[in-house]
Amino acid sequence: MTFTAQLATAESLNNSLLCIGLDPEPSKFPGAWKGDASRIFDFCAAIVDATKDLAIAFKPQIAYFAAHRAEDQLEALIAHIHAVAPAVPVILDAKRGDIGSTAQQYASEAFERYRADAVTL
């Protein structure tokens, strides 16, 4: 299914145009999670679980995960989104650009490793 078709399906299913950005900043987490980068997955998964029937897409920002060495949490989060909201696509906010061979590696990272459905450029 094309990305456009995925968006149309999610829009129809959830009667929404809402894209939910996931930009986890541990210093802004609530309560006991405040400052704890090991809770990035938990924080984002809670948002996904609470909004999966309201969203047309989820958009995790890779820099927030990478800054805290939480790439494994990003992989787990995208897998979680695909499991609990299979009709809602994931847009990996990667904004990375470079020469052809390097760009191919970024594409491999986004689509093969993280299993994103689309990326920002």
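The values are calculated or read from the model by the stated rules, or taken from the named source; none is laboratory data. What you are looking at is a predicted structure, and each value in this text was computed from that prediction instead of being measured. Because the Cβ atoms are built from the backbone with ideal geometry, glycine has one as well, and the counts that use them run over all protein chains shown.
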Can you pull out every residue in segment 26-46 that is in a helix (DSSP H, G or I) and of a type in the set (F, W, Y)? W33, F41, F43
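Condition test on S108, is it hydroxyl-bearing (S, T, Y), in a helix (DSSP H, G or I) and more than 24 Å from Q6 (Cβ to Cβ)?
Working: hydroxyl-bearing (S, T, Y): yes; in a helix (DSSP H, G or I): yes; more than 24 Å from Q6 (Cβ to Cβ): no.
Judged against the criteria, S108 is not a match.
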Among the listed residues Q73, Q61, which satisfies the condition of being out of contact with any helix residue (DSSP H, G or I) (no Cβ under 9 Å at 6 or more places or on another chain) and buried (at least 16 other Cβ atoms within 10 Å of the Cβ)? Q61
Test each condition in (1) in a loop (DSSP other than H, G, I, E, B); (2) at pLDDT below 95; (3) of a type outside the set (A, V, I, L, M) for Y64 and report the one that comes out false. (1)
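Can you tell me how many residues within segment 71-95 are assigned to a loop (DSSP other than H, G, I, E, B), within 16 Å of D23 (Cβ to Cβ) and without any contact (Cβ under 8 Å) to a residue 24 or more places away in the chain?
Residues flagged as assigned to a loop (DSSP other than H, G, I, E, B), within 16 Å of D23 (Cβ to Cβ) and without any contact (Cβ under 8 Å) to a residue 24 or more places away in the chain within segment 71-95 amount to 0.
A66: touching a residue at least 12 places away in the same chain (Cβ under 8 Å), more than 11 Å from the chain's Cα centre (by Cα) and within 20 Å of Y114 (Cβ to Cβ), yes or no?
So A66 does not fit the description; no.
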Return a yes/no flag: does segment 28-46 have any residue that is within 16 Å of V90 (Cβ to Cβ) and touching a Cys at 6+ places or on another chain (Cβ under 8 Å). no
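Residue by residue, here is whether (1) over 21 Å from E75 (Cα atoms); (2) not hydroxyl-bearing (S, T, Y) holds:
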site	(1), (2)
M1	yes, yes
Q6	no, yes
E11	yes, yes
S16	yes, no
E25	no, yes
F29	no, yes
F41	no, yes
V48	no, yes
Taking K28 and the conditions (1) surrounded by fewer than 18 Cβ atoms within 10 Å (Cβ to Cβ); (2) in contact with a Pro (Cβ under 9 Å, 6 or more places away or on another chain); (3) of a type in the set (K, R), which numbered condition does it fall short on, given that it satisfies the others? (2)
Near pairs, Cβ below 6 angstrom, 6+ apart or cross-chain, from segment 1-25 (surrounded by 12 or more Cβ atoms within 10 Å (Cβ to Cβ) and in a loop (DSSP other than H, G, I, E, B)) to any residue that is modelled with pLDDT of 95 or more and not acidic (D, E): S16/L54; S16/I56; P24/I40; P24/F43; P24/C44
Among residues of segment 76-119 being among the hydroxyl-bearing types (S, T, Y) and surrounded by 13 or more Cβ atoms within 10 Å (Cβ to Cβ), the residue nearest to the chain's Cα centre (by Cα) is Y114
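Based on this model, can you work out whether D49 counts as acidic (D, E), in a loop (DSSP other than H, G, I, E, B) and either modelled with pLDDT of 95 or more or farther than 17 Å from V119 by Cβ (or both)? So that I can check it myself, show each step before the final result.
Numbers: acidic (D, E): yes; in a loop (DSSP other than H, G, I, E, B): no; either modelled with pLDDT of 95 or more or farther than 17 Å from V119 by Cβ (or both): yes.
No, not satisfied.
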